[in-house]
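Shown next, in structure tokens, is the structure this report addresses.
Read the figures in this text as sums done on the coordinates, not as results from a lab. The structure presented is a predicted model; accordingly, all values stated were derived computationally and were not measured. Every residue, glycine among them, receives a Cβ derived from its backbone with ideal geometry; neighbour counts consider all protein chains shown.
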Amino acid sequence: MRTQHIIPAIIPETYEHLRSRLRDVQDVVRRVQIDVMDGTYAPSTSWPYIGAVREAFEAQRREDAGLPYWQHFDFEIDLLVKNPEARIHEWALAGVSTLIFHVESTDALPEIAQICRERRIEMALAIRPTTDIGVLEPYIEQAIFVQVMGNERIGYHGVTLSEQALSTIRDISNRWPELVIGVDIGVNAETLPSLIEAGASRFAAGSAVFNFSSPAGALAHLESIVSKERNS
């Protein structure tokens, strides 16, 4: 499979909603991002931290069942929760490849880095556009990528890209030229050229993929734009 630059991002309302979204892209991509929220860091909530639907996730924690279509995907879990260090264990049991930690959501980044090393889970870090990028310094060698949030308003699809996010991407790229920089929020066909010019190379896209009748077609279109911009 060719290098994947566009990562479908899903905010699952229910287990069945997650399954449906994954089914839409199961033959197209290997990596997907699942945004999980419990109302503590981002204002919204999502599966599996909503009421009775948590039962499905409990089965995965007991290793009775995998995530939907687990054979097809490498799952990145974006932990939009406070104190995400308390959630590492449950997602490790669910068999995920990568956990994304928001640096503003915890005071335990050293502990998180240690746990991820011990459990051999890929650690990625997310940062808001206005956060001092110096906080990333101790973890650059371990982080598989850094994901810049495209707007301060997190936890929703369809939010526009801010100019501050582009500036932050440039600052990170200039400071750590070899670092893989991702962006989540505001990714679409119109913003990709600016994001690539700023230094980003991986793009989590929700509305720009799933708001179209053919998510597979939307992904192919976005990937074609990335290929054109990177080769121009």
Contour excess over end-to-end distance, with Cα ends at T40 and A220 and 0.36 nm allotted per residue: 61.3 nm
Two-site FRET efficiency, E229 against R119, from Cβ-Cβ distance with R₀ of 35 Å, rounded to 0.05: 0.45
Region 6-231 shape via C-alpha gyration tensor axes, a/c threshold 1.5: oblate
The chain - share of DSSP beta bridges that are antiparallel (%, nearest 5): 5
Net charge of Cβ neighbours under 9 Å - reference S46; Lys, Arg +1; Asp, Glu -1: -3
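Over region 6-231, calculate the relative contact order: mean separation of alpha carbon pairs under 8 Å at least 6 apart, over the residue count, as a percent.
Taking the mean separation of contacting Cα pairs over the length of region 6-231, I get 17 percent.
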For region 173-184, Karplus couplings with θ = phi - 60° (6.51, -1.76, 1.60), whole Hz, Gly/Pro x: 4, 5, 7, 10, x, 8, 6, 7, 10, x, 9, 9
Calculated from backbone phi, Karplus (6.51, -1.76, 1.60) coupling profile of region 12-28 in Hz, x at Gly/Pro: x, 6, 8, 4, 5, 4, 4, 4, 5, 4, 5, 4, 5, 10, 5, 9, 10
Derived scalar couplings ³J(HN,Hα) [region 212-223; Karplus, 6.51 cos²θ - 1.76 cosθ + 1.60; whole Hz; x for Gly, Pro]: 10, 5, 10, x, 5, x, 5, 4, 4, 5, 5, 4
Residues in region 167-183 that a label on E137 would reach, taking backbone N under 17 Å of a point 7 Å out along Cα→Cβ: 171-177
